[in-house]
Amino acid sequence: MPFCARRCSYCDFSIAVRRDVPVADYVDGIRRELELRARLEPLAPALDTIYLGGGTPSRLGGEGVAQVLGAIAAHTSWDASAEVTIEANPDDVTAERAGAWVEAGVNRVSLGAQTFDECALLWMRRTHDAEQIGRAVGVLREAGLRDISIDLIFALPASVPRSWQGDLERAIALRPNHVSVYGLTVEAHTPLGRWSERGEVTESPDTSYEREFLLAHATLEAAGYEHYEVSNYALPGARARHNSSYWRHVPYAAIGPAAHRFDGARRSWNVAPYAEWLARVRAGVEPTEGGESLGPDELECERAYIGLRTTDGLVVSGDVEARTSRWRDAGWATIVDGRLRLTALGWLRLDALAADLTLAGSR
Ligand code: SF4
């Protein structure tokens, strides 16, 4: 759901900036793509999770979200035990919309807070202020939503002063049952990328990244949140089921511009620009832009990488124990119940460790 009111300074997602959201056109496109795909690769008869992601799905309003879920329900089914998540910006959350989302079956909201610091929010070009984050959480709870996740961003440039500890504490005070924490990266073709190119802003050094990553780990764990994936924390029983499925290689379908799907061996993705996607589905043309097939070796490498991202870790087999003894000596990993698990220090080296393990295994 690509519509945003404006582009945040750090965001390189394929979005469609719109002052007025073309809800009817978008829902029409979703219905058409679902019908096209039903002829080629029908949806599973029952879904475990649904994730309405963005862009900014909350800008579709109450009725728009209900229509999208209704369009999906025409091709498959799910029951009350399914996890149905919508991403929302705090300033889009009203009592009327939250009530309509619940009525339509939404039972989890991922709230894009990012920071509680007013200056940092302005620098990020977010459309909300800090007060709206707490108010949105209250409105969602009032509507009956208990599963609320809050997104935060760390490793801001030193020229954007804010207290990371303060942000963590204000998030914890709202008692969401899930928190996602992402390190800022400077991407080309974003406002931040341009500021960086012009020398107006300098990326946070690795030492600050590490310090803030470890501070989030210590602060959130002390508050009762389990650090169960490199970027994700949950109160007991509140892990994100949808994202956890990605980390277990569960097949998933996907609809909409830039959507990615996976059938267990092949990944494919739709064209990203909204106008092109809409034109294709209206012409009855399948909107897939590309794809990649994963052979047994590639799937095995991915499994290792994905396994190391989570506290589930990897089953220790072959010579993995011997090959990772240096990691354990350095405090980067442990072996518990026959599984190799990275520690927070290990997650700071995730890419290098995963490459080390998979490359060594393929020699
Ligand atoms: S609201 Fe989200 S998707 Fe939209 S520009 Fe900002 S970060 Fe990107």
Which residue out of T49, T76 is touching a His at 6+ places or on another chain (Cβ under 9 Å), among the β-branched types (V, I, T), more than 16 Å from the ligand (Cβ to nearest atom) and closer than 22 Å to R241 by Cβ? T49
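Restricting attention to the stretch 47-74, which residues are assigned to a helix (DSSP H, G or I) and over 20 Å from the mean Cα position of the chain (by Cα)? Full working, then the answer.
So the first thing to find is which residues in the stretch 47-74 are assigned to a helix (DSSP H, G or I), and the list is 57-73.
The answer is G61, G62, E63, G64, A66, Q67, G70, A71, I72, A73.
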Output the qualifying pairs, or none if there are none: Cβ atoms under 7 angstrom, residues six or more apart or on different chains, first residue in the stretch 13-33 and modelled with pLDDT under 95 and more than 16 Å from the ligand (Cβ to nearest atom), second residue among the basic types (K, R) and in a helix (DSSP H, G or I). none
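Quick check: anything in the stretch 240-252 farther than 18 Å from S110 by Cβ, β-branched (V, I, T) and part of a helix (DSSP H, G or I)? Please lay out each step first, then the result.
Step one: list which residues in the stretch 240-252 are farther than 18 Å from S110 by Cβ, which gives 248-251.
Applying the additional criterion that residues be β-branched (V, I, T) yields 250.
Next, from what is left, pick out any that are part of a helix (DSSP H, G or I): none.
Scanning the stretch 240-252, I find no residue that is farther than 18 Å from S110 by Cβ, β-branched (V, I, T) and part of a helix (DSSP H, G or I), so the answer is no.
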Just checking, how many residues over the stretch 82-132 are over 17 Å from the mean Cα position of the chain (by Cα), closer than 25 Å to T49 by Cβ and within 14 Å of the ligand (Cβ to nearest atom)? 2
Could you tell me whether D79 is over 24 Å from P2 (Cα atoms), touching a residue at least 24 places away in the same chain (Cβ under 8 Å) and not in a helix (DSSP H, G or I)? yes
Would you say D92 is closer than 29 Å to L184 by Cβ and either touching a residue at least 24 places away in the same chain (Cβ under 8 Å) or of a type in the set (D, E) (or both)? yes
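Would you confirm, using the coordinates I've provided, whether W247 is at negative phi, of a type in the set (A, V, I, L, M, F, W, C) and out of contact with any Lys or Arg (no Cβ under 7 Å at 6 or more places or on another chain)?
On the way: at negative phi: yes; of a type in the set (A, V, I, L, M, F, W, C): yes; out of contact with any Lys or Arg (no Cβ under 7 Å at 6 or more places or on another chain): no.
Judged against the criteria, W247 is not a match.
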Considering only residues of the stretch 245-274 that are of a type in the set (G, A, S) and in contact (Cβ under 8 Å) with a residue 60 or more places away in the chain, which is surrounded by the most Cβ atoms within 10 Å (Cβ to Cβ)? G256
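The values are calculated or read from the model by the stated rules, or taken from the named source; none is laboratory data. Given the structure is predicted, the values throughout are model-derived calculations rather than measurements. All Cβ positions, glycine included, derive from the backbone under ideal geometry; neighbour counts span all protein chains shown.
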